[in-house]
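Asker: Let me give you the structure first, and then I'll get to my questions.
Just so it is clear, none of the values below were taken in a lab; they were calculated from the coordinates. The structure presented is a predicted model; accordingly, all values stated were derived computationally and were not measured. In this analysis, Cβ positions are derived from the backbone assuming ideal geometry, glycine residues included, and neighbour counts consider all displayed protein chains.
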Amino acid sequence: MTYNEAIEYLFAKRPSFERQGANGYKPGLGTSLILDKYYGSPHNKYKTIHVAGTNGKGSVSNLIAATLQCQGYKVGLYTSPHFVDFRERIRVNGEMIPEERVCRFVDSFEDSDLECDPSFFELTSTLAFLYFAECNVDYAVIEVGLGGRLDSTNIISPILSVITNISLDHTEFLGNTVEKIAFEKAGIIKKNVPVVIGEADHSVEDVFVSTANGMSSPIYLSYIDNEVVDANSYNTGLELITKNYGKLSCGLAGLYQVQNANTALVSINILKSIGVNIDNESIYEGFGNVTNLMGFVGRWTKLIDSPKVICDSAHNVGGLETVMKQLRSLKCNKLLVVIGFMGDKDIDEMLKLFPQDAEYYFTQAQSERALKADALAVMAKQYNLNGRNFDNVITAYTTALSDAGPDDIIYIGGSMYVLAEVFSLIHH
């Protein structure tokens, strides 16, 4: 089987939430446990850190993994989705899984006599766990796919659980209140295993504290006992003022990353307290070089200087609130916005957050779930957001680029899938 055939098998022949939405979503651990047993329970061969949350889990996962890597550990990192190459999801010390290893795994599953019908994500998670074991990693940082309690990654027994924050997203699967969503995310809390909470209001905090107490799990509220006491934002990243590490540079740009950096630092403090050897130099190096070390993109990423082109993967109300606040703070002659959304998102609430004085390029990603550009334009008009619509992301982006002057800003966002198509053009 060639690599392209293996990817075609995973994406086209397996149920996939990312492609199909509700029709591709398979909650529950039954199939994951069958796969895990068949492949020899590989996740038991190394220590894991489990990261859930509505927003920020990718940033927190990458910061923790980069720090452990700089300490000299061999570190696996499993995240989703990818932007350009499927292999971005599964990395060891920042290096993507080889194409040949993906092919071999798909062949092995096809040749098996397993009586189960795994989804794309269930197979991909099994591949990640197996590959990490084969690489003899010391630690693996595992990002939850969707929710927590019923997510296929939730078969692991981590040394630390992390929940970044809660806001309304995927409500059709996780519940239509923040408390219900918190209950699902709290499902990653394990008996006697410490858990770090990045951000929570009172009702959500109650859910986490109650669950942790029921599991005899020490709980650390990083937004109350902050490690980061002040921060400044620059084009290339952040300068953090911290309690224990003095001034600390962070390679993630965007003011909203301050909270994620704080969550990651508190998590690192807890890892140190339970016996993981991490020195200050590894934290400085890991945080400062996280994007280069891990190949981490798509979070307030600057693509071009003039006109300034910024893209961000925020795709729900909670994420966009902070991103739009930062976007409005930038000085420019004219703001041009290239946006597209998945049709199953709370689009009305997100459109309310966008500035009315921008020029819009409404578009749609090549996904079954994508809202059509013309339908988006009609919805946006209700909120005084006006512009043109394009049924192709690349056409929308290149048109905005040709319309922009040197002192203008182009913002690209609304969906990770919109960003992915722009990245594919750039890296082609």
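Asker: Where the centre of each part is set by its Cα atoms, how far does the stretch 44-63 sit from the stretch 289-315, in angstrom?
Answerer: The stretch 44-63 and the stretch 289-315 have Cα centres spaced 20 Å from each other.
Asker: Moving on to the next point. How about the stretch 344-428: which GluC sites (Glu not before Pro) there are in a DSSP loop, with at most 15 other Cβ atoms within 10 Å of their Cβ?
Answerer: Taking the stretch 344-428 and a limit of 15 other Cβ atoms within 10 Å, the loop GluC sites (Glu not before Pro) found are E368.
Asker: Shifting gears a bit: From the phi angles alone, apply the Karplus equation (6.51, -1.76, 1.60; θ = phi - 60°) to the stretch 262-271 and give each ³J(HN,Hα) in whole Hz, x where the residue is Gly or Pro.
Answerer: Karplus-based 3J(HN,Hα) across the stretch 262-271 equals 4, 4, 5, 5, 4, 4, 5, 4, 5, 4 Hz.
Asker: Karplus couplings for the stretch 332-346 from phi (6.51 cos²θ - 1.76 cosθ + 1.60, θ = phi - 60°), rounded to Hz, Gly and Pro as x?
Answerer: Whole-Hz 3J(HN,Hα) from phi for the stretch 332-346: 7, 6, 8, 9, 10, 10, 9, 9, x, 10, 6, x, 8, 8, 7.
Asker: Also: Give a residue-ordered list of calculated ³J(HN,Hα) values for the stretch 408-414 (Karplus: 6.51 cos²θ - 1.76 cosθ + 1.60, θ = phi - 60°; whole Hz; x for Gly, Pro).
Answerer: Values per residue, Gly and Pro as x: 8, 10, 10, 10, 10, x, x Hz.
Asker: Using a basic spin-label model with each label point 7 Å from the Cα along Cα→Cβ, how many nm lie between L425 and K352?
Answerer: In this crude spin-label approximation the distance works out to 3.2 nm.
Asker: Right, something else. Residues with amide H under 5 Å of G387's amide H, sequence separation 5 or more or different chain, H placed in the peptide plane at 1.01 Å from N; which?
Answerer: Residues meeting the criterion, in which the H sits 1.01 Å from N, are Y360.
Asker: Here is a further query. So which aspartates and glutamates can K302 reach, going by Cα to Cα under 14 Å and dropping same-chain residues fewer than 8 places off?
Answerer: Hits, sequence-local ones excluded: D312, D408.
Asker: Next question, about the same structure. If you stretched the chain out fully between S329 and Y383, how much longer would it get, using 0.36 nm times the residue separation minus the C-alpha to C-alpha distance?
Answerer: 17.4 nm
Asker: Using Cα springs under 10 Å in a Gaussian network model of the chain, which residue among A231, A396, A261 shows the largest mean-square fluctuation?
Answerer: Comparing A231, A396, A261 in the GNM, the peak value goes to A231.
Asker: Could you work out which residue, out of G76, G319, G246, moves most in a Gaussian network model of the chain, that is, has the largest mean-square fluctuation with Cα springs under 10 Å?
Answerer: Result for the chain, Cα springs under 10 Å: G246 fluctuates most.
Asker: Now for a separate question. Where the only charges are on Cβ atoms (+1 Lys, Arg; -1 Asp, Glu), what is the dipole of the chain about its Cα centre, to the nearest 20 debye?
Answerer: My answer is approximately 540 debye.
Asker: Mind checking which lysines have their C-alpha under 21 Å from K74, skipping anything on the same chain fewer than 8 residues away?
Answerer: K45, K47, K57, K272
Asker: Which one is right for this structure if mean projected area of the Cα convex hull in nm² is calculated from it: (i) 19.2; (ii) 27.4; (iii) 38.6?
Answerer: So the calculated entry is the one marked (i).
Asker: May I pose another question? Can you tell me how much longer the chain between V297 and I34 gets when fully stretched, taken as 0.36 nm per residue apart minus their C-alpha distance, in nm with one decimal?
Answerer: Additional length available on full extension: 91.3 nm.
Asker: To continue, here is another question. Counting only other residues whose beta carbon sits under 13 Å from that of Y284, what net charge do I get with K and R as +1, D and E as -1?
Answerer: Value of the local net charge: -3.
Asker: Would you work out the relative contact order for the chain, in percent, from Cα pairs under 8 angstrom that are 6 or more residues apart?
Answerer: For the chain, the relative contact order is 16 percent.
Asker: Test of understanding: what is the full-extension gain from A12 to D85, defined as 0.36 nm times their sequence separation minus their Cα-Cα distance?
Answerer: Contour length minus Cα-Cα distance gives 24.7 nm.
Asker: Can you compute the helix-only [θ] at 222 nm over the chain? Use -39500 (n - 2.57) per DSSP H run of at least 4 residues, normalise by all residues, nearest 500 deg cm²/dmol.
Answerer: Value at 222 nm, helices only: -11500 deg cm²/dmol.
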